[in-house]
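Only one structure is covered here, and it is reproduced in the block below.
The values are calculated or read from the model by the stated rules, or taken from the named source; none is laboratory data. Just so it is clear, the structure is predicted and the values come from calculations on it, not from any experiment. In this analysis, Cβ positions are derived from the backbone assuming ideal geometry, glycine residues included, and neighbour counts consider all displayed protein chains.
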Amino acid sequence: GENVEQHPSTLSVQEGDSAVIKCTYSDSASNYFPWYKQELGKGPQLIIDIRSNVGEKKDQRIAVTLNKTAKHFSLHITETQPEDSAVYFCAASWASGTYKYIFGTGTRLKVLA
Amino acid sequence: DTGVSQNPRHKITKRGQNVTFRCDPISEHNRLYWYRQTLGQGPEFLTYFQNEAQLEKSRLLSDRFSAERPKGSFSTLEIQRTEQGDSAMYLCAPGTGKAEAFFGQGTRLTVV
């Protein structure tokens, strides 16, 4: 079945630096890749997503890149701020069927002031 | 505002008891998903509704679990004869015709 691996499991960066989180998926049929931010005690919040027909998408300080050949995608956060500290999850899904998500195991990002 | 309300937010129950959670999307969504998240892990898919029809169930959903979406709007998830391994956050996620899904705040279940 589909599997999504996510690295690193924890990441500490200085405020203002960039953070990169990487995910690899196994099912080549996957064509939708959302990223979620989860703060303590809350549900996951969709922050950005990308479909397989594009290679990169940007929204202010957040960007996602997708390499379909290598089956990996990455989240880039620039100019990190303390409020970016949270757990980030990648997920993979495919358009035919239910759109159910297979999630990675999460990355705990700490932005040090 | 995530567009979905889940109740209760927290539930503590004794092993062997039955529990029911409710998910109320604020606006109409033809798709609705239930996920389970244990500590330190990503959410895991449990089941999926297209309107009122339950179209897919995960192997994680044992026969002690049942979900309904009677009118294609709110949904309930019931766990019978709870076990300690059922302790987790249960997340509801309405979805549109596109791929996006927006998660509620979840119901945290603790089985003692």
Go through (1) under 27 Å from A:R51 (Cβ atoms); (2) touching a Lys or Arg at 6+ places or on another chain (Cβ under 6 Å); (3) in a loop (DSSP other than H, G, I, E, B) one by one and return the number of the condition B:K98 breaks.
(2)
Can you tell me which residues in the range A:87-113 are part of a strand (DSSP E or B), within 14 Å of chain B (Cβ to nearest Cβ) and crowded, with 21+ Cβ neighbours inside 10 Å?
A:Y88, A:F89, A:C90, A:A91, A:A92, A:S93, A:I102, A:F103, A:T107
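Kindly provide the set of residues from the range A:38-69 that are closer than 30 Å to B:L109 by Cα and either touching a helix residue (DSSP H, G or I) at 6+ places or on another chain (Cβ under 9 Å) or in a strand (DSSP E or B) (or both), ordered by number.
Let us first name the residues in the range A:38-69 that are closer than 30 Å to B:L109 by Cα, namely A:38-49.
Result: A:Q38, A:Q45, A:L46, A:I47, A:I48, A:D49.
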Output yes when any residue across the range B:53-61 is within 12 Å of chain A (Cβ to nearest Cβ) and farther than 25 Å from B:A99 by Cβ, and no when none is.
no
Odd one out for B:R9, checked against (1) more than 10 Å from chain A (Cβ to nearest Cβ); (2) in contact with a strand residue (DSSP E or B) (Cβ under 8 Å, 6 or more places away or on another chain); (3) at pLDDT 90 or above; (4) farther than 26 Å from A:S30 by Cα
(1)
Being away from every other protein chain (no Cβ under 14 Å) and at pLDDT 95 or above is the requirement here; does B:R64 meet it?
yes
Restricted to the range B:17-52, and to residues that are part of a loop (DSSP other than H, G, I, E, B) and within 9 Å of another protein chain (Cβ to nearest Cβ), which residue is farthest from A:E2 (Cα to Cα)?
B:G40
Name, by its number, the condition in (1) within 14 Å of chain B (Cβ to nearest Cβ); (2) surrounded by 17 or more Cβ atoms within 10 Å (Cβ to Cβ) that does not hold for A:Q45.
(2)
Apart from one, (1) more than 12 Å from the chain's Cα centre (by Cα); (2) among the aliphatic types (A, V, I, L, M); (3) surrounded by 15 or more Cβ atoms within 10 Å (Cβ to Cβ) all hold for B:L55; the odd one out is (3)
Scan the range A:48-84 residue by residue and report those that are within 14 Å of chain B (Cβ to nearest Cβ) and of a type in the set (S, T, N, Q).
A:S52, A:N53
Of those in the range B:68-98 that are of a type in the set (A, V, I, L, M, F, W, C) and within 17 Å of B:G42 (Cβ to Cβ), the residue farthest from the other protein chains (Cβ to nearest Cβ) is B:A88
How many of the residues making up the range B:81-112 are touching a helix residue (DSSP H, G or I) at 6+ places or on another chain (Cβ under 9 Å) and under 13 Å from B:W34 (Cβ atoms)?
1
Please enumerate the residues belonging to the range A:48-92 that are touching a Leu at 6+ places or on another chain (Cβ under 9 Å) and of a type in the set (S, T, Y).
A:S52, A:T65, A:S74, A:T80, A:S85, A:Y88
Output the number of residues of the range A:11-42 satisfying the condition of being buried (at least 18 other Cβ atoms within 10 Å of the Cβ), closer than 26 Å to A:L112 by Cβ and either touching a Phe, Trp or Tyr at 6+ places or on another chain (Cβ under 8 Å) or within 14 Å of chain B (Cβ to nearest Cβ) (or both).
6
